[in-house]
Amino acid sequence: MNYDENQYLQLISNILVNGEEIEGRNGKTRMIFGSQMRFSLENNCIPFLTTKQLAWKTCLKELLWFISGSTNNKTLKQQNVHIWDANGSKEFLESRNLKYAEDDLGPVYGHQWRHYNAKYNDCFTDYTGQGVDQLNNVIEMLKDKNQRQSRRIILNAWNPCQIDEMALPPCHVLMQFNVNKNDELSCILYQRSGDIGLGVPFNIASYSFLTHLLAHHCDLKAKEFIHFIGNTHIYNNHIEPLKIQLNRTPYPFPTLTITNKHKNINDYTFDDFTINNYSYHDKIPMKMSA
């Protein structure tokens, strides 16, 4: 039995039965406040949901885009990744009172990960040496045997100084990393808002990818991804599709192989990652709410 995926299915059931009806910014939802799931990453396991097909290639391309520090949605479009298109449209940007060119998302995840609080001009500016490179700081601490068990290995995407400059304030806002005495790396993610049908499966996969990558890069072993979500919600138009998913039996999770090791975190590419033995049920179409 795939206990880890059953946590996700049980969370769907809990929200459907006990969730509160809320009229939100972008549609009606059923929600609970405060949830937790834990996913083992041992033995190269990577938790891609199997009760529906996960677009893991899209997920990985987005993660590498975050790592690069980019905030230009055109970079994703060129890779046939369209998950930010609605939030990068001129109409949506104007609704946020932002004067950027279309597909300039403002100082979102990549900017905060690599150039925290650097003054944002546009997505074409070279921010080298500006702001705080939080991701590099995490890597330096994980590599240092005298620091890797620190309780301060944190990366924060929530920047109140620049929230109003972002196309979309970050949903997955804070990571903390922990290394145990066996040099095993775990990651906790706190997510302020979680779309259970579409967003959360991506978030689980993305931060598990990141934990595996950091473990590989820093000579550690990946152990666990722990996911805390604040506003945990299901959009009303996702309820019937998720009921279909609840009737499916999970398969074992696939495994991940990272085939190369680079000196610089920026040098990893999509081709460095291989997914093994991913079995899944059919896709379940759901519409994203921007």
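The values are calculated or read from the model by the stated rules, or taken from the named source; none is laboratory data. Treat the numbers as computed from the prediction; the structure is a model and nothing was measured. Quick reminder, even Gly has a Cβ in these numbers, built from the backbone with ideal geometry, and neighbours come from all protein chains shown. Please note that ligands, DNA and RNA were not included when accessible areas were found on the heavy atoms of the full protein model with its side chains. Shrake-Rupley method; radii C 1.70, N 1.55, O 1.52, S 1.80 Å.
General observations
- Spherically averaged projected area in nm², based on the convex hull that wraps the Cα atoms of the range 1-49: 4.6 nm²
- The range 156-218: projected area of the alpha-carbon convex hull, averaged over directions, in nm²: 5.3 nm²
- In nm, spacing of pseudo-spin labels at TYR190 and SER13 (7 Å Cα→C-beta vector): 3.0 nm
- Across the range 71-83, coupling constants 3J(HN,Hα) worked out from phi with the 6.51/-1.76/1.60 Karplus curve, θ = phi - 60°, read 10, 9, 5, 4, 4, 6, 4, 5, 9, 6, 10, 10, 6 Hz, and Gly and Pro carry x.
- With θ taken as phi - 60° and the Karplus curve 6.51 cos²θ - 1.76 cosθ + 1.60 applied, the whole-hertz 3J(HN,Hα) list for the range 140-148 is 4, 6, 5, 6, 8, 4, 8, 10, 5 Hz, x standing for glycine and proline.
- Simple spin-label estimate for ASP126 and GLN79 gives 2.2 nm between the two label positions (7 Å along the Cα-to-Cβ direction from each Cα).
- Summed side-chain charge close to GLU165 - residues other than GLU165 whose Cβ falls under 10 Å, Lys, Arg +1, Asp, Glu -1: +1
- Computed from backbone phi, the HN-Hα couplings of the range 204-211 come to 4, 5, 5, 6, 6, 3, 4, 5 Hz, rounded to whole numbers (Karplus: 6.51 cos²θ - 1.76 cosθ + 1.60, θ = phi - 60°; Gly and Pro given as x).
- Residues of the range 233-249 with amide N under 20 Å of the 7 Å Cα→Cβ point at ASN6: 243-249
- Accessible surface of the chain [probe 1.4 Å, protein heavy atoms]: carbon and sulfur percent: 47 percent
- Taken about its Cα centre, the chain carries a charge dipole of roughly 420 debye when the Cβ of each Lys and Arg holds +1 and the Cβ of each Asp and Glu holds -1.
- Semi-axes of the equivalent ellipsoid for the range 116-207, Cα gyration tensor, largest first, Å: 25, 20, 10
- Here the range 211-275 is treated with +1 on each Lys and Arg Cβ and -1 on each Asp and Glu Cβ, and its dipole about the Cα centre works out to around 180 debye.
- Relative to one another, the C-alpha centroids of the range 66-143 and the range 24-40 are positioned 25 Å apart.
- Were the residues from ASP267 through GLU94 laid out at 0.36 nm apart, the gain over their Cα-Cα distance would be 58.8 nm.
- Taken per residue, the accessible surface of the chain reaches 47 Å², heavy atoms only and a 1.4 Å probe.
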